[in-house]
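One structure is given below, encoded as structure tokens.
The values are calculated or read from the model by the stated rules, or taken from the named source; none is laboratory data. None of these values were measured; they are calculated from a predicted model. Ideal geometry is used to build each Cβ from the backbone, glycine not excepted, and the neighbour counts take in all protein chains shown.
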Amino acid sequence: MTKTGLAKAGRLAPLIRAGLIAGLAIAGLLFPLVALAGVGAKTGADALQSMPEQLTVVPSAQTTYVYARDGKTLLTMFYEEHRKPTKIEDMSPFITSAIVASEDTRFYQHNGVDPKGVARAFVANQQAGGVSQGASTLTMQYVRMALRDGAKTPKEALEATEQTTERKLREMRLAIELEQRISKQEILQRYLNSAYFGHRAYGIFAASEVFFSKTPRDLSLTEAALLAGLVKAPSAYDPAVNDQRAATDRRNYVIDQMLEMGSITQAQARSAQKAKIRLNLTSPPNDCVSVPQEENDWGFFCDYLRNWWMEQPAFGASAQERLANLRRGGYKVVTSLDPKIQASAMKHILDKEKRRSVYAHGEVVIEPGTGRIRAMAVNRRYSLDQSDNGEHSDRRRRDQVRGNYPNTVNPLLGGGDMAGYQAGSTFKIFTMLAALEEGMPLSTSFYSPQRFVTKYITAPGPATCGIRWCPKNSSKSMTGRQTMWSGFGKSVNTYFVQLEQKVGAEKAVRMAERLGLKWRTEIDQKYARPEHASGWGAFTLGVSDATPIEMANVFATLAAEGKYCQPIPVQMINTRDGASLEFEGKKVAGPRCHQELSPQVAQAATDAARCVTGYGAAEGGCGGWSTSPMVHATLRRPVAGKSGTTDSNRSAWFCGYTPQLAAAAFVADPDNPDNTVGTSRGTISKFTVAETLKDALKGLPKAKFTPPPAEMVHGNDNRDNNDRRDGDGDGNGNWRDGD
């Protein structure tokens, strides 16, 4: 025999010896080693040598923990098997002793397969006339768990656990090889992190948390013995759902075994066995419906995070694989959610529109320059239970479905398949940006009548003159010559349709796409196509749907002086090993930004958007009044933005921003877009944004906007500097750079 053969035979000796002791010709036992029957040691060894020598260990499924921005506030967890690996030095010595006493008292004497255990089980089973006792060592049990956890198909998982001769022989072979490669303590640690303790708890960390609300380090003798006893039959001995007598008897048996092994004293055993089982049950949260009830509004952010995760190639090749990684990968996810900003947003939202309203009132807050979402708040409870929901606001559907209030899991703020809401005059920003980028200065002026006959052909309707689209202003006071400052600040429709005609509607549509808008409805997709976009005149008045996340991020791009960042709900993702997760050389949780607009174009747009809020432009005249003066009056710091309402007040928006934060709020009926919000709700989004930003920025410096350069104000106009500042030609300037 070669040296290699001798070495292998030597390693197999314990297994062959165990088989011979048991009398391998006997069949029908729990561990039926009949594959070796009557063939002798050499033939048996040859059969065993054909099996794998080393165990390929695939990391067990682990729980993903999701935290708020502070890295400490737990939002929820995701798991298929609740498990968190724990080092053996972080476990109570009672649990390591108890698991050995419960499962394998000769663990420290054998080499993976216990010949005495095999013989003992053989005798017991012979006397019982069936299977009454097994011979699996703790190492063999771990091998079985590792094979199960490493299975790639249901068939492999079945083969890892089914009661067959081949499976038992494989376990024995691998157990022997494993013990020659790693220490007993390492095997014990792996076992305790893999075992199922019942009650959805995998591994000792989860078991300690679920049954006693503590860590493995803090387990007492009675607690450790109870948990160790569960492994044999978790359902039968579960003290949380069954009569505790069975669990007590099993616990006391483990304590007796610990005493016999010398792990504890007689006094410790006596005291522990007299103790009553005292549980302190914890139900670890799982998925978005399990966010803390007192912070139920976090559920909508969590839902967005999950949808975002399933779109990221870093987590797998398909949505199914990515979701499996979220539930099995053991990540530490620190999200971008700021609990203080979130709480402020919820307070101001609920002050204005209660949860039982048919109208959804929601807000998203984003950090410019990173795209990180700091808050997602809406006047709804995140819940699957809709039994107490109100009537559907569309009478035609009341018999089929209930309304979405107060409980829903619909992504009302964006993400998933959420189409959004018509955003009204907030869309004028895209026309203005397209015009500025084409070289039209802020001083570009048009005479803006109450009603304007456009070049756009449309179907007959209330806003048509013959075959042409003829929009009008909301107030006759808007009639007159307007610039971008006054046209934007007063939201003059007939100014912006003329600006759109001059720059081209298609460029406004493409600008919206560049800043992150997606077309999700059939009609939006149709008109956004190149062959139709040039004739989409109504686009500038916001007839398309958009989500609050998209609109908040549009204005965050302006606050960041043209730097576009994808909206992102995370700021750190670490793997189970503690390393920052990277994909294609970049941190997955890092900002994803690029300079989409020139700083000069963004600065010019901001100067006009300052007119909206009552803050006033740095370089031009706002025309004497604005649509949202309460925003600056409330915030009392540099702020810009845009309000927006649709025809018949079907929705009402406000998007506002400072250099540090941007926010978008809306009010609309998600169930029935034709249900008008009414004029009384026309201003609540403005106050919600202003009040939320005021709270969020409290104590921070009053950061100022950068005024636009002269060429963005008047182009190549050579008027004196005073006239450049306000654009009204009166030489006064009206310079505003304060707070």
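I need the strands (runs of 3 or more DSSP E) fully contained in the stretch 299-410, keeping only those with at least 2 residues that are without any contact (Cβ under 8 Å) to a residue 40 or more places away in the chain.
Of the strands (runs of 3 or more DSSP E) lying wholly inside the stretch 299-410, none has at least 2 residues that are without any contact (Cβ under 8 Å) to a residue 40 or more places away in the chain.
Go through (1) at pLDDT below 95; (2) within 30 Å of residue 288 (Cβ to Cβ); (3) surrounded by fewer than 20 Cβ atoms within 10 Å (Cβ to Cβ) one by one and return the number of the condition residue 71 breaks.
Tallying (1) at pLDDT below 95; (2) within 30 Å of residue 288 (Cβ to Cβ); (3) surrounded by fewer than 20 Cβ atoms within 10 Å (Cβ to Cβ), residue 71 fails exactly one: (1).
Is it the case, given these coordinates, that residue 273 is in contact (Cβ under 8 Å) with a residue 60 or more places away in the chain and more than 35 Å from the chain's Cα centre (by Cα)?
Judged against the criteria, residue 273 is not a match.
Can you name every one of the strands (runs of 3 or more DSSP E) wholly within the stretch 558-606 that holds 1 or more residues which are hydrophobic (A, V, I, L, M, F, W, C), touching a Pro at 6+ places or on another chain (Cβ under 8 Å) and buried (at least 20 other Cβ atoms within 10 Å of the Cβ)?
So the answer is 563-565.
Does residue 196 fit the bill of being touching a strand residue (DSSP E or B) at 6+ places or on another chain (Cβ under 7 Å) and crowded, with 16+ Cβ neighbours inside 10 Å?
In short, yes.
Please determine, by comparing only the residues of the stretch 495-529 that are assigned to a loop (DSSP other than H, G, I, E, B) and in contact (Cβ under 8 Å) with a residue 12 or more places away in the chain, which one is nearest to residue 430 (Cα to Cα).
515
Only one of 636, 610, 650 is basic (Lys, Arg), under 30 Å from residue 359 (Cα atoms), surrounded by fewer than 18 Cβ atoms within 10 Å (Cβ to Cβ) and touching a residue at least 60 places away in the same chain (Cβ under 8 Å); which?
The match here is 636.
Any residue that is surrounded by fewer than 20 Cβ atoms within 10 Å (Cβ to Cβ), at pLDDT 95 or above and of a type outside the set (A, V, I, L, M, F, W, C) - is there at least one of those in the stretch 426-436? So that I can check it myself, show each step before the final result.
Of the residues in the stretch 426-436, the ones surrounded by fewer than 20 Cβ atoms within 10 Å (Cβ to Cβ) are none.
Taking every residue of the stretch 426-436 in turn, none turns out to be surrounded by fewer than 20 Cβ atoms within 10 Å (Cβ to Cβ), at pLDDT 95 or above and of a type outside the set (A, V, I, L, M, F, W, C).
Which one is modelled with the lowest pLDDT among residues in the stretch 218-235 that are among the small types (Gly, Ala, Ser) and either touching a Pro at 6+ places or on another chain (Cβ under 6 Å) or part of a helix (DSSP H, G or I) (or both)?
Here the answer is 235.
From the set of residues in the stretch 650-670 that are in a loop (DSSP other than H, G, I, E, B) and under 25 Å from the mean Cα position of the chain (by Cα), which is farthest from residue 611 (Cα to Cα)?
Restricting attention to the stretch 650-670, the residues satisfying the condition of being in a loop (DSSP other than H, G, I, E, B) are 650, 658-661, 669-670.
Retained after the next criterion (residues that are under 25 Å from the mean Cα position of the chain (by Cα)): 660-661, 670.
Working: 660: 19, 661: 18, 670: 31 Å.
That would be 670.
Determine which member of the set 431, 454 is closer than 19 Å to residue 543 by Cα, of a type outside the set (Gly, Ala, Ser) and not in a loop (DSSP other than H, G, I, E, B).
After ruling out the rest, the residue left standing is 431.
Go through the residues of the stretch 140-147 one by one and say whether even a single one is among the β-branched types (Val, Ile, Thr), under 22 Å from residue 330 (Cα atoms), within 37 Å of the chain's Cα centre (by Cα) and at pLDDT 95 or above.
No; the residues of the stretch 140-147 include none that is among the β-branched types (Val, Ile, Thr), under 22 Å from residue 330 (Cα atoms), within 37 Å of the chain's Cα centre (by Cα) and at pLDDT 95 or above.
List the pairs whose first member sits in the stretch 530-553 and is crowded, with 24+ Cβ neighbours inside 10 Å, whose second member is among the basic types (Lys, Arg), and whose Cβ atoms are under 8 Å apart, counting only residues at least 6 apart or on separate chains?
540/428; 541/428; 542/428
Could you pull out the residue among 701, 709, 673 that is within 19 Å of residue 611 (Cα to Cα) and surrounded by fewer than 18 Cβ atoms within 10 Å (Cβ to Cβ)?
709
What is the number of the single condition among (1) over 16 Å from residue 110 (Cβ atoms); (2) modelled with pLDDT of 95 or more that residue 150 does not meet?
Single failed check for residue 150: (2).
Scanning the stretch 488-503 for residues that are within 15 Å of residue 435 (Cα to Cα) and not aromatic (Phe, Trp, Tyr), which turns out surrounded by the fewest Cβ atoms within 10 Å (Cβ to Cβ)?
So the residue we want is 502.
Using the structure shown, decide if residue 506 is closer than 28 Å to residue 315 by Cβ, buried (at least 16 other Cβ atoms within 10 Å of the Cβ) and of a type in the set (Asp, Glu). Outline the logic, then answer.
Numbers: closer than 28 Å to residue 315 by Cβ: no; buried (at least 16 other Cβ atoms within 10 Å of the Cβ): yes; of a type in the set (Asp, Glu): yes.
Judged against the criteria, residue 506 is not a match.
Restricting to the stretch 464-473, name every residue that is free of Cβ contacts under 8 Å to residues at least 60 places away in the same chain and either assigned to a helix (DSSP H, G or I) or surrounded by 14 or more Cβ atoms within 10 Å (Cβ to Cβ) (or both). Walk me through how you get there before you give the answer.
We begin by selecting, within the stretch 464-473, every residue free of Cβ contacts under 8 Å to residues at least 60 places away in the same chain; these are 464-468, 470, 472-473.
464, 468, 470, 472, 473 - these are the residues of the stretch 464-473 that are free of Cβ contacts under 8 Å to residues at least 60 places away in the same chain and either assigned to a helix (DSSP H, G or I) or surrounded by 14 or more Cβ atoms within 10 Å (Cβ to Cβ) (or both).
Scan the stretch 209-217 and give yes if some residue there is among the acidic types (Asp, Glu), touching a residue at least 24 places away in the same chain (Cβ under 8 Å), in a helix (DSSP H, G or I) and farther than 27 Å from residue 79 by Cβ, otherwise no.
The answer is no; no qualifying residue exists.
Within the stretch 623-641, is there a residue that is in a loop (DSSP other than H, G, I, E, B), within 32 Å of the chain's Cα centre (by Cα) and farther than 22 Å from residue 410 by Cα? Spell out the reasoning first.
Of the stretch 623-641, the ones in a loop (DSSP other than H, G, I, E, B) are 623-628, 636-639.
Imposing the further condition that a residue be within 32 Å of the chain's Cα centre (by Cα) reduces the set to 639.
Those left that are additionally farther than 22 Å from residue 410 by Cα: 639.
Looking for residues that are in a loop (DSSP other than H, G, I, E, B), within 32 Å of the chain's Cα centre (by Cα) and farther than 22 Å from residue 410 by Cα, one finds at least one in the stretch 623-641, hence yes.
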